[in-house]
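Here's the structure, in C-alpha cells; my notes come after.
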Amino acid sequence: MSKSSQNGPIGLYSPLLERAGFRHAFFTNSLDFAVSTGEALARAAGVLGVLPERVYFLSQVHGTAARVLAGEERREEVVRSIGDITLTITKGVAAGVRTADCVPVLVADRTSSAVAAIHSGWRGTVANVVHAGIAALRELTGGSGDWCAAVGPHIQRCCFEVGADVAAELERASTAGEAAVIRGERLRVDLRRIVRAQLEAEGVSAEAIDDVEGCTVCARSASGGFLFHSFRRDGQRSGRMLSAITKAAG
C-alpha cells in the first residue's frame, strides 16, 4: 500500500502492521533525511501521527547497539548517538532508522504495543542485528511477545552484486544458507531471504512477517523516476529514507 504526493508515493505500508494497529511508514525519496530534516520531518510526523520532535533515529554505524526511547529525549542528542536499533513502548514516540540500500525492519509486539526499527545493512545482517533488536524488545517488555514485522524496500537480489568474500559471510548469516546466494556470471545475494530467516529464528512466524517490496536501486514510480534513494546507484550524493513505527493507540 502507498500514500502519494505530486512526486510519487510518500511512503509504503505494511497491511499486516496496519491491521495490528501500528502507525508506520517506509518513506520513499519524496522525503530526504540525509541532512536537513525540517520539512521532511514535519511531513513524516504527520503521517505517523506524532510530534516532529518525537520522531527519532540514530547515527548508524552498521552495528547492533540499541537505544530505548521514552519521548523525553532531545532529538538532536539522539541523532548524535551511535546505534542501529531504536525502540519504544511509549505512545506518541516513533522509532526510526535511515537507509539508502540497507534493509529497514519494523517490528511490533501485539501484546505490549512496543515497537522497534532496525537498520540491517549487509554488515548488520552478518552481525545479526535482527537478533539484537528482538532481544532489546524482550528486555523492554519483560516477555516473549506476540511479534509481527515488516521488511522494507532495500537493494534486492536483482541489483545486489557482491564479491565472493561478502557472499560467504552472508551465506553463514542465517539458516537460509547458500539458498540466499544467486550464482551466475556474478554473485548476487537475497538480503530479504536472510533477514526473514533471522526473524523466524527469533520466534516471529513466517505468517507474521510482511514483505514491503521494492528495490532501492532500480524501482521506479508511475511517473518514471526512481522511487527510492540509493547509495549504490548515486554514491555520495544519495539522499536517505526514513522508516519508522509508533506504538498502537489505546
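What the table below lists for this structure:
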{"quantity": "Calculated FRET value between Ala168 and His131, using beta carbons and R₀ = 25 Å, to 0.05", "calculated": "0.80"}
{"quantity": "Sites Glu39 and Ala65 - FRET efficiency at Förster radius 30 Å, r taken between beta-carbons, to 0.05", "calculated": "0.55"}
{"quantity": "Vicinal HN-Hα couplings computed from phi for region 105-121 (Karplus, 6.51 cos²θ - 1.76 cosθ + 1.60; Hz; Gly/Pro x)", "calculated": "10, 10, 10, 9, 9, 5, 7, 9, 6, 5, 9, 9, 10, 10, 9, 10, x"}
{"quantity": "Given charges at beta-carbon only (K, R positive; D, E negative), |dipole| of region 1-109 in Debye", "calculated": "220"}
{"quantity": "Length-normalised contact order of the chain in % [C-alpha pairs under 8 Å, at least 6 apart]", "calculated": "25"}
{"quantity": "Computed label-point distance, nm, for sites Arg183 and Arg74 using a 7 Å Cα→Cβ extension", "calculated": "5.5"}
{"quantity": "Correct option for Rg and Dmax of the Cα atoms in Å [calculated from the coordinates] among (i) 20.8, 70; (ii) 16.7, 53; (iii) 18.1, 59", "calculated": "(ii)"}
{"quantity": "For peptides 124-133, 184-193, sequence by mean Cβ density within 10 Å, most packed first", "calculated": "124-133, 184-193"}
{"quantity": "Net charge over other residues, Cβ less than 14 angstrom from the Cβ of Glu200 (K, R count +1; D, E count -1)", "calculated": "-1"}
{"quantity": "Computed FRET value (nearest 0.05) for Asp211 with Thr175, which takes r as the C-beta separation and R₀ as 22 Å", "calculated": "0.80"}
{"quantity": "Gain in span if fully extended, Glu139 to Ala201, counting 0.36 nm per residue against the direct Cα distance", "calculated": "20.6 nm"}
{"quantity": "Relative packing of 90-99, 232-241, which averages over residues the other C-beta atoms within 10 Å, highest first", "calculated": "90-99, 232-241"}
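All of the numbers you see were taken from the coordinates with simple rules; none came from a lab. All figures in this text were calculated on a predicted structure; none of them were measured in a lab. Neighbour counts are summed over all protein chains in view; Cβ atoms, including those assigned to glycine, are modelled from backbone coordinates with ideal geometry.
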